[in-house]
Amino acid sequence: MSDRDTKGSLAEWFRQWRVPLRKFLTGKGAVPAADLEDVAQEVFLRLMRYDRTELIEHPQAYLYKMASNVAAEWAIRWRYSRPHDAKWLSGLLASDQPEQNCARGDAEDEIQRAINMLSPRQRAVLKLQFADGLCHAEIAERLGATQRSVKRLLSKSYEKLRHELDQELLGVITDGRE
Amino acid sequence: MAASNRHKRASEEAAAWWVRLQDEALPRAEREQFVDWLRESAVHVAEMLRVAKVHGALEQFRRWAHVSTDGADEDNIVSLGMPSPVTGGSTPSIDREGEGAASGPPPPVSFPFRQRLRLYALAASFTAIVIAGAWPLISLRGQTIQTERGERREVALPDGSVVAVDPETRLRVKFEEHTRRVFLDRGRALFRVAKNSDRPFLVQADGTTVRAVGTAFGVERRKQGIMVTVAEGTVAVFQEDSALSPPSRGDNTTTSQASNISQNRNTATENPGAETLRGVPPPSASNGEGPSASDARRERVGEFPTRQAAEVLLTAGEQVIMQSSGTAEPVRKVDSDRKLAWAKGRLDFDNETVATAVEEFNRYNRVQLHVADEVLAKRPVSGVFDASDPESFIAFIQTVAPVRVARSNAADIILTMAATPAMK
């Protein structure tokens, strides 16, 4: 395979991994924050067993697909093997709307708090990416920076947020939507 | 290396990969690197999943209008370690690709990254396993590779050799000009050694040294001694003076030791020496191998009274256990594929007790099995299992014994015998 594919296959490639990512983040295959370590362990072992050349074609697609598959499989297994604990049950009974909105508000607060821990420039890059939907090149142009520094700002931001954000709350905002 | 450091590095790397992978279709070489990085450790997988979660949260976030970016302009590139503020992207940079799309052709640059890729590709063609982050660390100083319970790693060493590191294992790597030296402090590992006859590959564990040139073999620290199993080629296993036991990490004393190593070996059996040996049975004790074990070894020693004292040559499909006392058990013919199956995440039990099997499973998994029944614990079990799938093991023993399974929580499974103890 040549290093650079045509534009058409770029879109294809994008679709290839964005869809599994969405499944990993939301719906039945969503991985609850509490189980993430266990899921990762299982995914790791599956990655080791899986044919390497296959993986290389669409590494991210495989990664998120495997993770959501594991989560979905375990959800089924646990449904049968685990007694429903009271807390979970009451959560089911008190039907969703007001409470969910409340939890969502908490999650928004939490994300905002974490974003405010970033440097102004890191915030600017995130905002351009997520609020304005710009790609790296466009962000670089807008900020008068190199793409390289944009990427660095982004990866630093992600890393900081990963440590800053309450993982439980992350679950609230991503799990089960869509 | 502290676990927290490793986690920190893993999360840095994961974030960097995330950004890189998002940008556009990656060249194959980088995708290879990414896959190998993922397959290096479950920690990497976990971090990658976490970054995705962070991304998911940011995508869901609705209050961007409230996020202030005041000061973003002043907080400029100087603080990022760039030489001067950049305007319009004409400053030389080492961006890899796409940078020039908006502002003319990319500047002529050197590609240290690409060069590294090529090296990786080379290593990959030999081993199929490459590690991105470990390289500079290993070559600059000795590196410690440590795995926790439930964690397996494959690490490519700078010479192209590859180590499959089992859970709960600690290795220290010291490469010098004339020797490649690895200290196995704990656990077990499978070595696939890149050929280099000028630079022997030595694995040291508790006074026992395994010397290889280009071959594949497993070394395991067990209660009864150091077990060496050869899958390919030939290795020499010998005892050393305990004074040659590995230096504490961080120091640089190995160079002098390298030259002493062959000289000092003759005192090996006499001098268990300064280093405390763990609870190992005396050489005369029968050690599952029957009383002939120590006799056989005495013959061997008798043949080579001096320097070659306890040297044992092993070829493919052979296994030996070197006791800490300096006694070598007789060389056994084994199915090395089976005996080294653990390196591929498989557990092979040959008439082991359920207790032993459970102990093994627990090393590979976060879900821990507990046997709350002595009769069950002593029951023998044979078979090959996927180390990551204790459930299938439970299912298996349930077919041969009335075992009751209780799950107190998601991480602990308790096994007991059902009402009537049906011991054969």
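The values are calculated or read from the model by the stated rules, or taken from the named source; none is laboratory data. All of these numbers come straight from a predicted model, not from anything done at the bench. FYI the Cβ positions are ideal-geometry reconstructions off the backbone, even for glycines, and counts take in every protein chain you see.
Counting the residues of region B:22-34 that are at pLDDT below 85 and assigned to a helix (DSSP H, G or I) gives 2. Taking region A:115-139 only, how many residues are in a helix (DSSP H, G or I) and facing another protein chain (nearest Cβ under 7 Å)? Qualifying residue count for the region: 10. Only strands (runs of 3 or more DSSP E) whose full extent lies in region B:112-180 are considered here, and the ones with at least 2 residues that are modelled with pLDDT of 75 or more, surrounded by 19 or more Cβ atoms within 10 Å (Cβ to Cβ) and within 14 Å of another protein chain (Cβ to nearest Cβ) are B:153-156, B:162-165. Among the conditions (1) within 30 Å of residue A:36 (Cα to Cα); (2) assigned to a loop (DSSP other than H, G, I, E, B), the only one that residue B:325 does not satisfy is (1).
The conditions of being basic (Lys, Arg) and modelled with pLDDT of 85 or more are not met by residue B:344. Any chance you could count how many residues in region B:340-359 are buried (at least 20 other Cβ atoms within 10 Å of the Cβ), within 25 Å of the chain's Cα centre (by Cα) and either acidic (Asp, Glu) or in a helix (DSSP H, G or I) (or both)? Looking only at that region, the number is 4.
Checked against (1) within 14 Å of chain A (Cβ to nearest Cβ); (2) under 23 Å from residue A:74 (Cα atoms); (3) among the charged types (D, E, K, R), residue B:344 passes all but condition (2).
If you go through region A:36-56 and keep only what is at the interface with chain B (Cβ under 8 Å from one of its Cβ atoms) and not aliphatic (A, V, I, L, M), you end up with A:37, A:38, A:41, A:42, A:44, A:49, A:52. Among the residues of region B:388-414, those that are within 23 Å of residue A:70 (Cα to Cα), among the charged types (D, E, K, R) and in contact with a strand residue (DSSP E or B) (Cβ under 7 Å, 6 or more places away or on another chain) comprise B:407, B:412.
Residue B:233 falls short on exactly one of the conditions (1) small (Gly, Ala, Ser); (2) without any contact (Cβ under 8 Å) to a residue 24 or more places away in the chain; (3) over 17 Å from residue B:165 (Cβ atoms), and that condition is (2). Here the condition is being at pLDDT 85 or above, over 17 Å from residue A:38 (Cβ atoms), touching a Phe, Trp or Tyr at 6+ places or on another chain (Cβ under 7 Å) and not acidic (Asp, Glu); of B:406, B:372, B:357, it holds for B:357 alone.
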